[in-house]
Amino acid sequence: KMAAAAGAAAAAGLWSEVNRCGQNGDFARALKSVNKILQINKDDVTALQCKVVCLIQNGNFKEALGVINTHTKVLTSDVIAFEKAYCEYRLNRIESALKTIQSASQQTDKLKELYGQVLYRLERYDDCLAAYRDLIRNSQDEYEEERKTNLSAVVAAQSTWEKVVPEDLGLREATYELCYNSACALIGQGKLNEAMKKLQKAEELCRQSLSEDSDVTEEDIEAELAIIHGQMAYIMQLQGRTEDALQLYNQIIKLKPTDVGLLAVIANNIITINKDQNVFDSKKKVKLTNAEGVEHKLSKKQLQAIEFNKALLAMYTNQADQCRKLSASLQSQSPEHLLPVLIQAAQLCREKQHAKAVGLLQDFADQHPANAAEIKLTMAQLKIAQGSVTKACMILRSIEELQHKPGMVSALVTMYSHEEDIDSAIEVFTQAIQWYQQHQARTNPGCCVFQPKSSVHLSLIREAANFKLKHGRKKEAISDLEELWKQNPKDVHTLAQLISAYSLVDPEKAKVLSKHLPSSDTMSLKVDVDALENSHGATYVRKKAGKLTGDNQQKEQGQGEVKKKKKKKKGKLPKNYDPKVTPDPERWLPMRERSYYRGRKKGKKKDQVGKGTQGSTTTGSSELDASRTASSPPTSPRPGSGAAVSATSNVIPPRHQKPAGAPATKKKQQQKKKKGAKGGW
């Protein structure tokens, strides 16, 4: 008894310690006291509950769940349902958490809150929306703002991933979280400009809210704003402002936010901007998408998009095996999805295996008829790339749901025209027109003789008629034009075409039909001629006439408009022009074509200095011989005597003579060469 009393006293002291530590938030110390209590009584339900709570508060969710599972007899689902579900939720065992919540006998407010979070993680947005509406309706506490924020997040997710038009919840966007969620919902609807304004408002509210706390630094504010800036960059990317988006994305990455989900999304978006360019940067960014815990932060569609981009990046970087492995994995996860098979086909085309790619696409189209149209369009594109236009046309015509579409008809007619297969082109027009006739008969049943045709139907008939006229099928074109004219007898354009066609086949019929044309008197064109002439597209613009006064005005009135004579400018005369000398009549002809041209004279410099021995000449040697002149000085001048040649003598020594016709600048050029030369003899 004394031992039991001592144990009870010790337990009481320990419980007091647990209570005090719990109020102070010191759960590690509280856990020690709880363990001591359990040593006294290992099946104490309250102590076990306290231990689980302490472990949860310390973040030891796995250990807490282990305690719950080892004491299932004591800790029944009614006692510990919330704690067990919460541990499973935090350990990302979402399906197990849902089962635990649903198996609880009593649905407390805490379980309902957790139930909403679990449904959101499971992407069951309709059920989640109903759960939060019920919570907001039946709860009145300080957490009402958080519940409204969660409710707006659910609506944003529906708009983004399920393309559901969000209903107006009537929430007052007083916090930046509510503004952000509202912007996400607008992005899902494609209202990008409105979404950007909401994000700017959210940024402003966030700065105001956080700046009120003196402990929050500018770095903390920027980290909190990172997700808002990331969404802004995404809007810029959707608007085609890729440079601005890329700059903002890189700014966020430099901040190194702790949210791995945000980093993964930004890295993926940068990869989509890079495409097949800057693949080294993309390879660095793809590592951010592989961070631990990313799969628990993003939705299934986000994770799927990241995997698609990884496969495409592997293709762009010539990693064929990796590309095939990733695309095959994606196809096994989503067998009906188009992208995996399209990526596989693209990889085969890069390897020049076009036939295998077409076979792969054909197999997918046979297995998934609902997606066959898009696959067959890709097959046709591959056939055109191979030059098999006729086979491409056959594939396109096999898409029944697109046969009557104007775009498909236009493409087929163009391709058949390129192949000069006019009969097949006309057959395409005929089938499309028949489809509209049958469709109109189904939608407008009855025995009405005349039924107006749709604008698309009439447009096809007109295009068919024009095509037939162009290729000489006049009789067939006439039947189409007659049908058009019956639909609208007041259509002058169709009547004119019909008359033109009949004039080539039956002129008499053309004359009869021409009586239905309106007379020129009844046709009022209502054209402002002056405005038309002064328009930018006019090839001729009439100059405005100047004001006329006096005699000129009388002449203008009497004689009409007189064109001003342009004064001819006097031609410039050459500087050496002599008016007394008659100009050469052949001066405009090239020199070689003139009558007096005799060609270039050859051997002009034969008689000049430069041939033979140095200083020798062929002619005039006697004149240059100083020994034959009477006044010539001796060959060896005496010391102290004057010049060797008399001052009155005009004879120039041979060394000082210049060859006839030599340019004056030759000496200067030689001097320059000497100055520039290096070295000596």
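A few remarks follow.
- Segment 275-341 and segment 191-240: distance between their alpha carbon centers, rounded to Å: 29
- 1.4 Å probe accessible area per residue over segment 1-106, in Å²: 58
- Candidate aspartates and glutamates - alpha carbon under 12 Å from residue 32, same-chain residues fewer than 8 apart omitted: 17
- Projected label points at residue 163 and residue 133, each 7 Å from Cα along the beta carbon direction, are separated by 2.4 nanometres.
- Phi-based couplings in Hz for segment 476-482 (Karplus 6.51, -1.76, 1.60; Gly and Pro marked x): 5, 5, 5, 5, 5, 5, 4
- Taking only the Cα atoms of segment 328-402, the ratio Rg/Rh comes out at 0.96, with Rh defined as the Kirkwood radius.
- Surface share of carbon and sulfur [accessible, 1.4 angstrom probe, percent] for segment 1-106: 50
- Global form of segment 95-184, assessed from the alpha-carbon gyration tensor, a/c cut-off 1.5: oblate
- Each peptide in 210-219, 131-140 receives the mean, over its residues, of other Cβ atoms within 10 Å, and ordering these scores from highest gives 131-140, 210-219.
- Over segment 328-402, accessible surface divided per residue gives 52 Å², non-protein components excluded, 1.4 Å probe.
- A Förster radius of 30 Å, combined with the Cβ-Cβ distance separating residue 420 from residue 500, puts the computed FRET efficiency at roughly 0.75.
- Estimated distance in nm for a label pair at residue 258 and residue 70, the labels positioned 7 Å out from Cα along Cα-to-Cβ: 3.0
- Scattering profile of segment 223-297 at q = 0.16, 0.17, 0.22, 0.26 Å⁻¹ [log10 I(q)/I(0), Debye over alpha-carbon scatterers]: -0.52, -0.59, -0.98, -1.28
- Long pairs among 256/310; 191/352; 198/275; 283/356; 310/356; 84/148, criterion Cα-Cα beyond 32 Å: 191/352
- Taken as Cα centroids, segment 125-158 and segment 361-427 sit 50 Å apart, rounded to the nearest whole angstrom.
- Out-of-range pairs (alpha-carbon distance over 28 Å; input 42/112; 163/405; 99/285; 201/297; 99/301): 42/112; 99/285
The values are calculated or read from the model by the stated rules, or taken from the named source; none is laboratory data. Note that the structure is a prediction, hence the values are computed from the model and not measured. Cβ coordinates were reconstructed from backbone atoms using ideal geometry, including for glycine residues, and neighbour counts include every protein chain displayed. What goes into the accessible areas is simple: the full protein's heavy atoms, side chains included, and nothing from ligands, DNA or RNA. Shrake-Rupley method; radii C 1.70, N 1.55, O 1.52, S 1.80 Å.
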